[in-house]
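Notes for the one structure printed next.
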Amino acid sequence: MHLLRIALASLANRRFTALLTVFAIALSVCLLLAVERVRHEARASFASTISGTDLIVGARAGSLNLLLYSVFRIGNATNNIRWTSYEQLAAHRQVKWAIPISLGDSHRGYRVLGTSQGYFEHYRYARSQPLRLREGRPFAADPFEVVLGAEVAEALHYRLGDDLVLAHGVASISLLKHDDKPFRVVGVLARTGTPVDRTLHISLAGMQALHVDWQGGMPARGAARVSAEQARAMDLQPEQITAVLLGLHSKIATFSLQREINEYRGEPLLAILPGVALQELWSLMGTAEQALFVVSLFVVLTGLIGMLTAILTSLNERRREMAILRSVGARPWHIAGLLVLEALALALAGALLGLALLYLGIAAAQGPVQAHYGLYLALTVPTLYEWTLLGAILAAALLMGGVPAWRAYRQSLADGLSIRL
């Protein structure tokens with residue numbers, strides 16, 4: 001206890017250097033814990049990009065490819081699904097709801113998704129949160145209505161009632177546009193932090209209306225062109241779609257229905273479990289995740305080395321102090337213990353300040369981070385893993401404190417009471 005009081009008094013005497021050291025350790029601890037929080041939440045958010053969907057069905061190809069184009073709007077399907085196959089899936093006794101999706105067009109670099117009203121009712125993300133409209137309404141009977149994701153509306157400055165023209169294909173700059181069939185913005189979704197924000201949603205009838213007069217990927221010419229008014233009067237039921245999202249009555253039936261779909265004889269289909277496919281995709285990005293963690297560890301190590309440097313630098317200046325302590329009866333291990341306690345006190349103060357900075361940062365950034373990136377950073381007590389990290393930091397500080405302690409232990413009273421210049 002006496003050594004602790006002496007250690008704290010010594011640090012108070014060198015308060016400016018001590019505070020700088022504590023602050024450097026605090027910043028490194030805050031960064032490490034913040035990275036861990038973000039890594040954990042990013043993984044959870046990534047896994048819940050789509051939630052509540054039991055199966056995703058598409059043309060037979062790779063499971064990751066199916067996941068990428070159906071959920072993340074990346075890439076294209078190798079083939080489509082016949083509408084009759086979708087109807088059989090939707091009518092299956094185990095299927096509670098089915099959401100058809102159709103991809104293929106874009107608008108200024110953002111993907112267009114053709115779907116049904118069930119998309120707004122059943123699609124879930126991030127721990128089963130439903131889609132919400134920030135303003136407006138879902139598309140209705142008119143095929144030329146569009147509901148924008150939050151990022152599309154903000155980036156392109158669209159408002160309710162604005163007209164826009166979709167382009168054929170997914171290139172950011174397209175020479176083939178559906179100029180004769182403009183869509184009107186009727187709704188804007190609230191931000192989700194998922195690919196939904198970067199998507200324009202239209203009805204399947206609208207997707208079909210865009211291409212009723214297209215053949216071989218090119219628009220018809222002259223009298224063969226179909227106007228928007230003529231398209232409204234036509235039967236716009238699609239013949240093909242890109243994929244289907246399925247929700248089942250019972251989770252127990254998931255694997256049996258998946259096997260049944262994969263063995264479907266009408267056409268080659270593939271059914272995947274989105275959670276399994278998401279974990280497989282995340283594992284491919286594990287190298288970057290671990291690299292971020294390693295960088296954070298090196299930042300913490302840098303802070304601790306700064307602490308070691310500060311203590312070692314002060315040793316020569318404190319030889320008179322050490323000699324006085326020895327002259328009044330302090331043993332060499334007292335001197336060594338004093339320096340170890342100083343190192344521990346600096347690391348502990350830095351860890352506590354780092355925790356405080358972490359929670360202040362989470363409280364300040366919680367709303368914006370969730371709104372823009374879909375990451376919910378909860379103000380919870382540190383997890384067991386985080387306590388383990390903090391314990392490892394304190395243990396490392398003790399080890400580093402042993403270096404100046406060993407040097408002080410080796411110094412003898414022969415250093416004298418005089419100040420060395």
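The values are calculated or read from the model by the stated rules, or taken from the named source; none is laboratory data. Predicted, not measured: the structure shown is a model, and the values here were computed from it. All Cβ positions, even for glycine, are placed from backbone atoms using ideal geometry, and neighbour counts span all protein chains on display.
Could you please let me know if Ser85 is within 23 Å of His168 (Cβ to Cβ), part of a helix (DSSP H, G or I), in contact (Cβ under 8 Å) with a residue 60 or more places away in the chain and not assigned by TED's automatic domain parsing to the domain that holds Phe298?
It is false that Ser85 is within 23 Å of His168 (Cβ to Cβ), part of a helix (DSSP H, G or I), in contact (Cβ under 8 Å) with a residue 60 or more places away in the chain and not assigned by TED's automatic domain parsing to the domain that holds Phe298.
Among what's in region 141-168 and is touching a residue at least 24 places away in the same chain (Cβ under 8 Å) and assigned to a strand (DSSP E or B), pick the residue that is farthest from Leu200 (Cα to Cα).
Within region 141-168, the match that is farthest from Leu200 (Cα to Cα) is His168.
Here is a list of conditions, (1) at pLDDT 80 or above; (2) surrounded by fewer than 20 Cβ atoms within 10 Å (Cβ to Cβ); (3) under 24 Å from Gln290 (Cα atoms), and Ala44 meets all of them except one; can you say which number that is?
Going through the list (1) at pLDDT 80 or above; (2) surrounded by fewer than 20 Cβ atoms within 10 Å (Cβ to Cβ); (3) under 24 Å from Gln290 (Cα atoms), Ala44 breaks only (1).
Kindly list, by first and then second residue, each pair from a residue in region 113-140 that is closer than 15 Å to Ile56 by Cα and in contact (Cβ under 8 Å) with a residue 60 or more places away in the chain to a residue that is part of a helix (DSSP H, G or I) and not aromatic (Phe, Trp, Tyr), limited to pairs with Cβ atoms under 8 Å and residues at least 6 apart or on different chains.
Matching pairs, first to second residue: Thr115/Leu204; Tyr123/Val196; Tyr125/Val196.
Could you give every pair whose Cβ atoms fall below 7 Å, whose first residue belongs to region 38-53 and is closer than 15 Å to Leu284 by Cβ, and whose second residue is at pLDDT below 80 and of a type in the set (A, V, I, L, M), counting only separations of at least 6 or pairs across chains?
Ala42/Leu375
Return the residues of region 225-239 that are surrounded by 15 or more Cβ atoms within 10 Å (Cβ to Cβ) and outside any helix (DSSP H, G or I); say none if nothing qualifies.
If the condition is that a residue be surrounded by 15 or more Cβ atoms within 10 Å (Cβ to Cβ) and outside any helix (DSSP H, G or I), then Val226, Leu236, Pro238 are the ones that fit.
Read through the list (1) under 31 Å from the mean Cα position of the chain (by Cα); (2) closer than 22 Å to Tyr123 by Cα; (3) at pLDDT below 90, then give the number of the only condition that Ala155 fails.
(2)
Which residue, of Leu31, Leu55, Leu67, is closer than 30 Å to Leu301 by Cα and among the hydrophobic types (A, V, I, L, M, F, W, C)?
So the residue among Leu31, Leu55, Leu67 that is closer than 30 Å to Leu301 by Cα and among the hydrophobic types (A, V, I, L, M, F, W, C) is Leu31.
Please work out which one of (1) closer than 30 Å to Asp179 by Cα; (2) modelled with pLDDT of 90 or more; (3) out of contact with any Asp or Glu (no Cβ under 9 Å at 6 or more places or on another chain) is the condition Ser256 fails and give its number.
Single failed check for Ser256: (1).
Pull up region 25-63, narrow it to residues that are among the polar types (S, T, N, Q) and touching a helix residue (DSSP H, G or I) at 6+ places or on another chain (Cβ under 7 Å), then point me to the one that is farthest from His122 (Cα to Cα).
Result: Ser28.
Quick check on region 249-278: of everything there that is part of a loop (DSSP other than H, G, I, E, B) and in contact with a Ser or Thr (Cβ under 8 Å, 6 or more places away or on another chain), which residue is farthest from Arg43 (Cα to Cα)?
Gly266
Being surrounded by fewer than 21 Cβ atoms within 10 Å (Cβ to Cβ), within 24 Å of Ser116 (Cα to Cα), at pLDDT below 90 and of a type in the set (Val, Ile, Thr): is that true of Val212 here?
Yes.
Just the residues that are in contact with a strand residue (DSSP E or B) (Cβ under 7 Å, 6 or more places away or on another chain) and more than 18 Å from Gly52 (Cα to Cα), please, taken from region 269-302.
Within region 269-302, Leu269, Leu270 qualify.
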